[in-house]
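Structure record follows, encoded as C-alpha cells.
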Amino acid sequence: CIRDSHMTSDEQRPDVPIAPQAPIGRIGFRGHDLDLSERSRVLDELFFEGERRRPYLRRYAALSILSSSIAALGLMNDSDAVVIGAMLIAPLMTPIMAFAASIVQVWNRRAGVSLIIVTFGAVLCVAMGWIMTQLIPRIGPTSPLPDGVLARTAPNLADLGIAILAGAGGAYVTVRSEASSALPGVGIAVALVPPLAAVGITLVAERDALAAGALLLFLTNFAAITLAAGLTFALTGFLPPPERVRGRVLRIGTTVVIVLALSIPLARNSITKIARSSATADAAAAVAEWDSGVKIERVEIDSTRSPLRIEIDLSGAEMTGDPQQLADDLSSRRGEEVELQLLFVPAIVVT
C-alpha cells in the first residue's frame, strides 16, 4: 500500500506499525469515515510507486499508443463508433485523477510525477496521430478534413461544462468502489485522446490554427477535470492535515484561474457558433420562402468577413427565383449587408 510522506512522530517510531496515510473523512455522503482498506484502495488505484511504477508506465504507454492510433483512424474515417472505442481504452484519466488528488492533499512530488505522466501520454497521442496520418495519406494540405476532426478544433463552453461534470463523476467513481462500473461512461463522456489525435492530423494537413483549437480542447478538459475532481475529492473527505490547508487552497485557486482563462476563447467560440446557427436558420427560412422547389444541400457562414458572407448550395429540377431577391431577403433578416454566393446543381431524375 502507498504511504503519505507526511507522518506523525508516532508513525516514525520503529516499534509502531506504519499504516497507509490516506485522506480521512466522510466519503460519498454515506455517513461514516473511510476505513483503512478503502483509503488504501483509492491510493493504490491512483498512484503507482516503487516496484509498481515500471509495469504501470509500460501499460500506460502501450494503451496510449493503441488508443490514439484507433482514435486517429476513427477520425480520418469519420467513424464515431471507432472513436468511442478509443476512449474506452484511453489511460489518461487515471493520472489526471491522481494529479487532482495530489493538489487537494498538497503532495507536491506526486503532483509533479502525475503531471509528467499526463504530459508524456499527451505527447505520445499527438505523435501517433501524426504518424498514422503519414502512414495512411488520406489527409493533406489540400484535402478537406473529416467532420470528426473539425468537431474537435473549435471547443466552446459546452465542452467546458462536459469536462467539469466528467471530472466530478470520475472522482466520485474513484472513491465509491461500488460505482466503478460507471467509469467507462466517464471516459466516453469526456474526450481526452481524440483531440490529441486531431492535433497530429491537423499538423500533417498544415492547419496550424485548427491544431491549436484541438490542443485548446484537451487543455480545457485537463484543467476542468482537475478542478472538478479536486473539489469532489475534498467534498468526499480527502482533506489534508490542518497545517497544509493553505497550500491546498492556493493550488485549487490557481486551477480556478486557469479554467477561467481558458473559458475566454471558449466563450468566443460559443458566441460565434450561436451566431452561425442563427444565420443558418435564417438562410433556410429565406430559401424556403424564395423557391420552394429547391433543396438546400449546404449552408456555410463566414462571420469574420464584412459584409457577412453566406454560401448556399442548392439542388432541384429547376431554380426559378431571382438570386438578388434572396440576397436582399437575407440582408433584411440579418439586419446587415450580406454577400451571397449561390451554387445550384440541377437534379436529373431518370425513370
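Has segment 122-144 got at least one residue that is within 18 Å of the chain's Cα centre (by Cα), open to solvent by 70 Å² or more (accessible area, probe 1.4 Å) and either closer than 30 Å to Thr254 by Cα or among the basic types (Lys, Arg) (or both)?
yes
Got at least one residue in segment 77-88 being of a type outside the set (S, T, N, Q), at positive phi and under 21 Å from the mean Cα position of the chain (by Cα)? Steps first, answer last, please.
Pass one, segment 77-88, residues of a type outside the set (S, T, N, Q): 78, 80-88.
Checking the rest, the ones that are also at positive phi come to 78.
After this cut, where a residue has to be under 21 Å from the mean Cα position of the chain (by Cα) as well, the list is 78.
Yes, that holds for at least one residue.
For segment 155-163, check the following and say yes or no: at least one residue is out of contact with any strand residue (DSSP E or B) (no Cβ under 8 Å at 6 or more places or on another chain), modelled with pLDDT of 85 or more, in a loop (DSSP other than H, G, I, E, B) and more than 20 Å from Thr94 (Cα to Cα).
Among the residues of segment 155-163, at least one is out of contact with any strand residue (DSSP E or B) (no Cβ under 8 Å at 6 or more places or on another chain), modelled with pLDDT of 85 or more, in a loop (DSSP other than H, G, I, E, B) and more than 20 Å from Thr94 (Cα to Cα), which makes the answer yes.
Output the residue which, of all residues in segment 329-344 that are open to solvent by 70 Å² or more (accessible area, probe 1.4 Å) and part of a strand (DSSP E or B), is farthest from Glu297 (Cα to Cα).
Of everything passing the filter in segment 329-344, Gln341 is farthest from Glu297 (Cα to Cα).
Which is among the aliphatic types (A, V, I, L, M), touching a residue at least 24 places away in the same chain (Cβ under 8 Å) and buried (at least 21 other Cβ atoms within 10 Å of the Cβ), of Ala228, Ala158?
Details: Ala158 fails: buried (at least 21 other Cβ atoms within 10 Å of the Cβ).
Criteria check complete, one pass: Ala228.
Any idea which residue in segment 282-316 is modelled with the lowest pLDDT, counting only those that are under 19 Å from Ser331 (Cβ atoms) and open to solvent by 60 Å² or more (accessible area, probe 1.4 Å)? First the steps, then the outcome.
Here is the first cut: in segment 282-316, the residues under 19 Å from Ser331 (Cβ atoms) are 282-291, 296, 299-312, 314.
From what's left, open to solvent by 60 Å² or more (accessible area, probe 1.4 Å): 288-289, 300, 304-306.
On the way: Ala288: 83, Glu289: 84, Glu300: 80, Thr304: 67, Arg305: 72, Ser306: 74.
Filtering first and then ranking leaves Thr304.
Starting from residues that are of a type in the set (A, V, I, L, M, F, W, C) and open to solvent by 10 Å² or more (accessible area, probe 1.4 Å), keep the ones in segment 174-191 and report whichever is modelled with the highest pLDDT.
At the first step, the residues of segment 174-191 found to be of a type in the set (A, V, I, L, M, F, W, C) are 175, 179, 182-183, 186, 188-191.
This time we only want the ones that are open to solvent by 10 Å² or more (accessible area, probe 1.4 Å), so: 179, 182-183, 186, 188-189, 191.
Values: Ala179: 58, Ala182: 63, Leu183: 63, Val186: 71, Ile188: 73, Ala189: 72, Ala191: 79.
The residue in question is Ala191.
Here are some residues: Ala283, Ala279. Which one is over 30 Å from the mean Cα position of the chain (by Cα) and over 30 Å from Ala228 (Cα atoms)? Quick ask: steps written out before the conclusion?
Numbers: Ala279 fails: over 30 Å from the mean Cα position of the chain (by Cα).
Result of the check over Ala283, Ala279: Ala283.
How many residues are in contact (Cβ under 8 Å) with a residue 40 or more places away in the chain and part of a helix (DSSP H, G or I) when one looks only at segment 273-295?
Residues in segment 273-295 being in contact (Cβ under 8 Å) with a residue 40 or more places away in the chain and part of a helix (DSSP H, G or I): 7 in total.
Counting only residues that are of a type outside the set (Gly, Ala, Ser), open to solvent by 50 Å² or more (accessible area, probe 1.4 Å) and touching a residue at least 12 places away in the same chain (Cβ under 8 Å), how many does segment 317-328 have? Don't jump to the end; show me each part of the working.
Taking segment 317-328 first, the residues of a type outside the set (Gly, Ala, Ser) are 318-320, 322-326, 328.
After this cut, where a residue has to be open to solvent by 50 Å² or more (accessible area, probe 1.4 Å) as well, the list is 318-320, 322-325, 328.
Filter once more, keeping what is touching a residue at least 12 places away in the same chain (Cβ under 8 Å): 318-320, 323, 325.
Going through segment 317-328 one residue at a time, the tally reaches 5.
Of the residues Ser79, Ser102, which is among the small types (Gly, Ala, Ser), open to solvent by 30 Å² or more (accessible area, probe 1.4 Å) and either over 23 Å from Asp208 (Cβ atoms) or touching a helix residue (DSSP H, G or I) at 6+ places or on another chain (Cβ under 6 Å) (or both)?
That would be Ser79, the only listed residue that is among the small types (Gly, Ala, Ser), open to solvent by 30 Å² or more (accessible area, probe 1.4 Å) and either over 23 Å from Asp208 (Cβ atoms) or touching a helix residue (DSSP H, G or I) at 6+ places or on another chain (Cβ under 6 Å) (or both).
For Leu115, state whether it is open to solvent by 60 Å² or more (accessible area, probe 1.4 Å), in a helix (DSSP H, G or I) and aliphatic (A, V, I, L, M).
On the way: open to solvent by 60 Å² or more (accessible area, probe 1.4 Å): yes; in a helix (DSSP H, G or I): yes; aliphatic (A, V, I, L, M): yes.
Against the criterion (open to solvent by 60 Å² or more (accessible area, probe 1.4 Å), in a helix (DSSP H, G or I) and aliphatic (A, V, I, L, M)), Leu115 qualifies.
The values are calculated or read from the model by the stated rules, or taken from the named source; none is laboratory data. Predicted model only: the values in this text are computed from it and were never measured. Glycine also receives a Cβ, built like all others from the backbone with ideal geometry; neighbour counts cover every protein chain displayed. In case anyone asks, the SASA skips ligands and DNA or RNA and just uses the protein heavy atoms, side chains included. Shrake-Rupley method; radii C 1.70, N 1.55, O 1.52, S 1.80 Å.
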